[in-house]
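Below is one structure; the comments refer to it alone.
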Amino acid sequence: MANTILVGAQWGDEGKGKIIDVLTEEADVVIRYAGGNNAGHTVLVGQERYILHLVPSGILRPDKLCVIANGVVIDPVSLMEEIQGLRRLGVKVDRNLVISETAHVVLPYHRELDVARENRQGRHKLGTTKRGIGPAYADKAARVGLRMLDLVRPEVFAEKLRRRIRENNEVLRAWGARPLSYRKVLQEYQAAGSFLQPFVANTVALLHQAIAEGKSLLFEGAQGTFLDIDHGTYPFVTSSNTTAGGACTGTGVPPNRIDRVVGVMKAYTTRVGEGPLPTEDAALGDLLHSMGREFGATTGRPRRCGWFDAVAVRHAVRINGVDELAVTNLDGLDTLSTIKVCLGYRVGRRQYDIPPADVQELSACEPVYAEFEGWCTSTQGARSWKQLPTKARAYLKALEDLVGAPIRIVSVGPAREQTIER
Ligand code: GDP
Ligand code: IMO
Ligand code: MG
């Protein structure tokens with residue numbers, strides 16, 4: 001398989017985990033390049049449902065190498081628990097997982113600051129996952145972050161942590177939050193550090209070695225295009241570059257070693273957290289929630305739901321350079337007699353065919369919809385393009401025309417086998 005970047009083309013939770021699991025079959029190395037344990041990637045294998053937060057979804061296929069690269073921010077305690085949890089389920093995690101020595105560490109003060117800032121913002125809160133992601137990336141940019149190579153050297157870690165806790169406690173106190181105990185944090189994080197130490201290495205060198213050996217690389221995006229710190233609906237975004245460019249800076253693999261970009265999108269739209277969602281539709285949300293679908297994999301929050309937004313995805317196709325699309329959750333629309341698709345936005349007489357950068361303006365946008373006839377039959381058993389109802393195929397063909405990239409994979413259920421390769 002060609003070296004492939006897989007990105008979410010919407011607001012996250014597009015079904016990246018499932019598609020990664022499918023594509024991993026033909027890859028040698030699977031690499032997470034951005035985000036942290038704010039991500040929740042669900043993979044169903046047989047009867048077992050795995051939710052991966054930091055470990056690449058490729059781990060569920062034996063003999064694949066998985067890498068957590070430099071662009072990721074790692075909560076060591078959370079990662080340790082995730083590895084232990086996977087092992088309890090019989091998943092092999094030892095030499096097949098490598099963690100970048102230069103990935104930044106998420107510490108308890110990041111989580112506390114994340115929570116405290118959200119509380120202070122009141123109705124202007126972002127609805128973060130409260131995992132400390134924003135403050136951890138802020139420290140990285142401010143050049144006061146601790147990295148994995150610090151964490152795994154107990155004396156270095158003890159010294160750096162002392163200074164960081166002192167400073168962050170001042171802020172926490174000023175914000176009326178409880179300061180942290182240096183001793184407690186040190187103990188807990190040194191233990192996690194010694195657990196993770198055998199996994200830590202120079203992943204840039206390792207990935208270039210893999211490329212030299214002709215291995216194929218699969219870059220597992222987290223979050224989605226409109227949560228990107230530069231290209232998303234700022235400030236209602238996460239704090240990393242979730243788009244395709246992030247795969248290069250987040251791993252040290254240069255752009256000319258990338259062969260293909262796959263964009264993953266749902267057949268409709270979801271978003272969890274605050275911020276504009278032009279095609280949001282409460283009735284569609286009620287329907288999907290009543291089917292037990294669209295609850296967050298990380299926080300359990302019900303996801304906001306809306307119709308497919310071709311304006312947004314067309315933009316995502318452009319900025320990620322999407323060569324191929326994977327559409328998931330087609331079966332979510334199985335019971336609808338009419339399905340809407342957003343073709344453009346309008347504010348008064350003004351029309352938009354790309355999302356406006358200002359969230360106030362985006363929030364004011366009214367979607368301009370086209371309506372499609374629903375197929376009103378289950379697609380979950382379809383295993384080939386031909387087995388899909390004619391109206392479902394017409395819907396998918398319209399989507400690819402509207403967004404400007406071909407659909408190569410259609411997913412009609414959470415299981416591996418519920419996947420159609422066209
Ligand atoms: P990710 O963050 O992009 O990996 O997506 P999540 O795992 O957070 O959310 C996607 C949800 O949709 C999970 O519960 C998946 O099991 C589920 N899923 C993925 N593809 C399909 C599909 O085609 N049909 C159905 N019914 N569920 C799917
Ligand atoms: P996966 O990889 C959906 C959202 C949060 C919030 C915003 C900022 O599973 O698709 P953060 O904790 O990152 O500071 O929160 O981003 N968010 C996600 N939404 N899927 C995700 O990851 C997300 N990761 C963060 O809900 O709105
Ligand atoms: Mg998710």
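The values are calculated or read from the model by the stated rules, or taken from the named source; none is laboratory data. Owing to the predicted nature of the structure, the values given are computational and were not obtained by experimental measurement. Heads up, the Cβs are rebuilt from the backbone with ideal geometry, glycines too, and the neighbour counts pull from every protein chain shown.
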Taking interchain pairs and intrachain pairs at least six residues apart, which have beta carbon atoms under 8 angstrom, with the first residue in the range 394-410 and of a type outside the set (Val, Ile, Thr) and the second modelled with pLDDT under 95?
Arg408/Arg422
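Here is a yes/no grid of residues against (1) away from ligand 1 (no atom under 16 Å from the Cβ); (2) surrounded by fewer than 18 Cβ atoms within 10 Å (Cβ to Cβ):
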site	(1), (2)
Asp358	yes, yes
Cys365	yes, no
Cys376	yes, yes
Ser384	no, yes
Ala392	no, no
Lys397	yes, yes
Arg408	no, yes
Gly413	no, no
Glu417	no, yes
Selection within the range 382-411 - polar (S, T, N, Q) and either in a helix (DSSP H, G or I) or touching a helix residue (DSSP H, G or I) at 6+ places or on another chain (Cβ under 9 Å) (or both)
Gln387, Thr390, Ser411
Wholly within the range 7-123, which strands (runs of 3 or more DSSP E) include no fewer than the required count, namely at least 3 residues that are over 18 Å from Val261 (Cβ atoms)?
41-45, 48-52, 65-68, 97-100
Residues satisfying the stated conditions in the range 276-300, i.e. in contact with a strand residue (DSSP E or B) (Cβ under 9 Å, 6 or more places away or on another chain) and of a type in the set (Val, Ile, Thr)
Thr279, Thr298
Enumeration of residues in the range 126-155 that are more than 21 Å from Leu79 (Cα to Cα) and surrounded by 14 or more Cβ atoms within 10 Å (Cβ to Cβ):
Leu126, Gly127
Note: among Ala205, Ala141, just one is assigned by TED's automatic domain parsing to the domain that holds Trp11 and in a helix (DSSP H, G or I), namely Ala205
Restricting the search to the range 145-182, which residues are in a loop (DSSP other than H, G, I, E, B) and over 25 Å from the mean Cα position of the chain (by Cα)?
Val152, Arg153, Trp175, Gly176, Ala177, Arg178, Pro179, Leu180, Ser181
Taking the criterion of being among the hydrophobic types (A, V, I, L, M, F, W, C), in contact (Cβ under 8 Å) with a residue 60 or more places away in the chain and over 22 Å from Ile420 (Cβ atoms), would at least one residue in the range 319-336 satisfy it?
yes
